[in-house]
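Below is one structure, written out as structure tokens; comments come after it.
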Amino acid sequence: DGGWSPPNWEALYANIQKMRENRTAPVDSMGCDKGKNSNDSPAVQRFQCLISLMLSSQTKDEINFAAMTRLREHGLTVQSLIDTSEEKIGQLIYPVGFWKTKAKYIKEVCQVLKDKYDCDIPRTVAELCKLKGVGPKMAHICMSSAWNEPSGIGVDTHVHRISGRLGWTQKECKTPEHTRVALESWLPRDLWVEVNWMLVGFGQEICRPVGPKCNECLNRFMCPTGQNWTPSPKKNPSPKKKPSPKKKVKE
């Protein structure tokens, strides 16, 4: 359509696909779409997908997956959580980020789903965003994961950070929601679903928030951030020296 798109984005994206082809990131085995029980009815699976997304903010995939496993063992349907105390839900989901608040929201959301949606989940982004604790990122991922209807790109901290580093937004974007609008203006729609999973795994393994592994990245010499990357002297202590006991290696 003649609009703006980032230079070399196809080559950059192809390299990210190549770096992700082994599916070894936490999101690949423990992402939000992995928390549902495939033996349950479609409506229950959609509900489980929503709960997994509600738990996921400020929480690592491994911790989220463990919490979802405990919830499933307890009984993860709208009615079973209505029948469970907020305190018990809190115990089951701990230590996800903001677990007390999320336990409260889950109780409220379950009652709304029973009263308004016959124990299913809303089918639009606007309706999903009316639920307590559900924002645009969760709603768009929920539309694709639960309903198989791509409505928009799910932009979390990984997608937001990596898009900025790669120069994939025409202007600097301050928030994930701004990044979503910017990406949707040029990224082909058939990539809208996979780009979240692709970039999240890439961010977990290589393009990390702190100490990105630019030396291992296939995009190092095309990426604006990678071109300026220099090895950190702290990462390569002299083998002759004993490491100081005070220093802790950050992972």
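The values are calculated or read from the model by the stated rules, or taken from the named source; none is laboratory data. None of the values given here were measured: they were computed from a predicted structure. To get the accessible areas, we keep the full protein, side chains included, count just its heavy atoms, and leave off ligands, DNA and RNA. Shrake-Rupley method; radii C 1.70, N 1.55, O 1.52, S 1.80 Å.
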According to the Kirkwood expression over distinct Cα-Cα pairs, how big is the hydrodynamic radius of region 1-78, in Å? 14.6 Å
On a C-alpha basis, how far is the centre of region 1-31 from the centre of region 121-153 in Å? Whole number, if you could? 23 Å
Distance between the C-alpha centers of region 49-120 and region 167-225? Whole Å please. 29 Å
Calculated [θ] (222 nm, deg cm²/dmol) that DSSP helices of n ≥ 4 give over the chain, each run adding -39,500 (n - 2.57): -14500 deg cm²/dmol
extent check for region 105-159: Cα max minus min per principal axis, descending, whole Å, gives 34, 21, 15
Of the accessible area of region 1-90, computed with a 1.4 Å probe and all protein chains kept, carbon and sulfur make up a percent value of 45 percent
Over region 1-134, what relative contact order in percent results from Cα pairs under 8 Å that are six or more residues apart? 22 percent
What is the chain's relative contact order, in percent, from Cα pairs under 8 angstrom and six or more apart in sequence? 21 percent
Expressed as an acute angle from 0 to 90° and rounded to the nearest 10, what is the orientation of the C-alpha long axis of helix 136-145 relative to the principal long axis of the chain? 80 degrees
Which value, in Å³ per residue, describes the convex hull spanned by the Cα atoms of region 47-132? 81 Å³
